[in-house]
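Asks: Please find one structure pasted underneath; my questions will follow.
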Amino acid sequence: MKGVILAGGLGSRLYPLTHVTNKHLLPVYNKPMIHYPIATLVNAGINEILIVVSGPHVGHFLGILKNGEELGVKHLEYAYQEKPDGGISDALSLAESFADEKPICVILGDNTTDADISSAVSSFKEGATVFLKKVPDPERFGVPEFNADRKIIAIEEKPQKPKSDYAVTGLYIYDGKAFDYIRELKPSDRGQLEVSDLNNIYIEKGKLHWAELDGFWGDAGTFDSLLEASNYWKKNK
């Protein structure tokens, strides 16, 4: 399986830090943020990786990551998202040729976790798998709604009244049909192609599965969560 890291966007919630460089290159304790999602993929046996980038600092990625060999990456590619505010599904659409109709593991570039996802990766067959985590502030994320059998029946993006205390983390596995489904998506009220809308298509087709992340997970996308992630990795380096 190949891996895709979505590291686009402008990081506006972290201004003025992101006037200096891309959000995903900011330090999380003693490493650039993007080292952590790369490690998550490499530890799961994924060493062919595409990084989707955008914004004014894209050249910094090459200077920091080079060809990826120092981080255990066998093959590293980049794709440029021209609309940094186009949404996660828009960014993912740029990975279609890289995926080559095969399953891909997708992780957002600001996600740091010490969870081992290798079992979910090796056992994946079809459909989509989303990784969930209980959080105190689910309204910041896509939130799953469960039925009595603990199957996800809907995912709502950043709801005012969350229907569960789980967040859909920025970690997913998709089969090759994801790109056809993305072409069906319409922009949300935010003007973005939402990943929750993509996941809801899989729900409608009865092909969405989920797994709970065991261990630390943080998105490092706000000042508080960036600090929380740095403090965790300082203690658990």
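Taken together, the values in this text are just the output of simple stated rules run on the coordinates, not laboratory data. Computed from a predicted model, the values in this text were never measured in an experiment. Using ideal geometry, Cβ is built from the backbone for each residue, glycine included, and neighbour counts are taken over all protein chains shown.
Asks: Taking the Cα atoms of region 157-237, what is the range of coordinates along each of the three principal axes, in descending order and whole Å?
Replies: 43, 26, 24
Asks: Let me ask something additional. Please list the non-local residues whose amide H lies under 5 Å from the amide H of Gly127, H modeled 1.01 Å from N, same-chain partners needing a gap of 5 or more.
Replies: Amide H neighbours of Gly127, under 5 Å, 5+ apart: Asp175.
Asks: How many times 2.2 N^0.38 Å is the alpha carbon radius of gyration of the chain?
Replies: 0.94
Asks: Same structure, new question: Please give me the summed charge of the neighbours of Glu77: other residues whose Cβ is under 10 Å from its Cβ, Lys and Arg +1, Asp and Glu -1.
Replies: Working: positive: Lys2; negative: Glu48.
Taking every Cβ under 10 Å from that of Glu77, the sum is 0.
Asks: Equivalent ellipsoid semi-axes for region 54-168, as square roots of 5 times the alpha carbon gyration tensor eigenvalues: give them largest first, rounded to whole Å. Provide the component values of the computation, followed by the final result.
Replies: On the way: eigenvalues 168, 70, 44 Å².
The three semi-axes for region 54-168 are 29, 19, 15 Å.
Asks: Let me have the 222 nm mean residue ellipticity of the chain computed from DSSP H runs of 4+ only, each contributing -39500 (n - 2.57), with the sum over all residues rounded to the nearest 500.
Replies: Rounded to the nearest 500, the figure is -6500 deg cm²/dmol.
Asks: Related question: When only alpha-carbon atoms count, how far does region 126-181 stretch along each of its three principal axes, as whole angstroms with the largest first?
Replies: Principal extents (largest minus smallest coordinate, Cα): 33, 24, 17 Å.
Asks: While we're looking at this one, here's another question. Cα-Cα over 23 Å: which of Lys151/Lys177; Lys66/Lys102; Lys23/Lys158; Lys31/Lys134; Lys23/Lys207; Lys161/Lys207?
Replies: Flagged as over cut-off: Lys66/Lys102; Lys31/Lys134; Lys23/Lys207; Lys161/Lys207.
Asks: If region 6-119 were replaced by its equivalent ellipsoid, with semi-axes equal to the square roots of 5 times the Cα gyration tensor eigenvalues, what would those be, largest first, whole Å? Can you show the working numbers first?
Replies: Details: eigenvalues 87, 60, 34 Å².
For region 6-119, the ellipsoid semi-axes come out as 21, 17, 13 Å.
Asks: Which whole-number percent is the relative contact order of the chain (Cα, under 8 Å, 6+ apart)?
Replies: In percent, rounded to a whole number, it is 25.
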